[in-house]
Amino acid sequence: MIVGSFFILNLFVGIVINTFNREKEVLGKNFLLSGDQKEWLDFQTMLYKFKPKKMLKADKAGLKSICFKIQRHRYFDNFITLCIIS
C-alpha cells in the first residue's frame with residue numbers, strides 16, 4: 001500500500017512539473033517581467049553582444065609609459081594572479 005501511494009504521488013508530481021515547464025515555455029523565459037522590463041532586457045542583451053572596446057594610447061615618454069607597457073604585457077595578469085594566490 002505504501003509503495004503504491006509513493007508511485008501515485010510521483011506520477012502526480014511529475015505531471016505538475018511537466019505542466020509547469022510547458023506553460024513556462026509558452027509564456028517565454030521572462031514571463032514575470034513587464035513589457036518595459038522585457039524591452040530593457042532585450043536592449044541590454046543587444047549591447048552586450050557588441051562588446052565595445054576602448055583603445056588606450058600610451059604616452060610617448062616617462063614613467064607612465066613604462067607602467068603602461070608593463071600593464072599591457074601578456075603575462076602581467078598571470079603574474080598578478082600568482083601574487084594574489086601566494
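The values are calculated or read from the model by the stated rules, or taken from the named source; none is laboratory data. All figures in this text were calculated on a predicted structure; none of them were measured in a lab.
Structure summary
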{"item": "Options LYS69, LYS51, LYS60: the member that is within 21 Å of the chain's Cα centre (by Cα) and not small (Gly, Ala, Ser)", "result": "LYS51"}
{"item": "Only listed residue being at pLDDT below 85 and of a type in the set (Gly, Ala, Ser), chosen from SER34, SER86", "result": "SER34"}
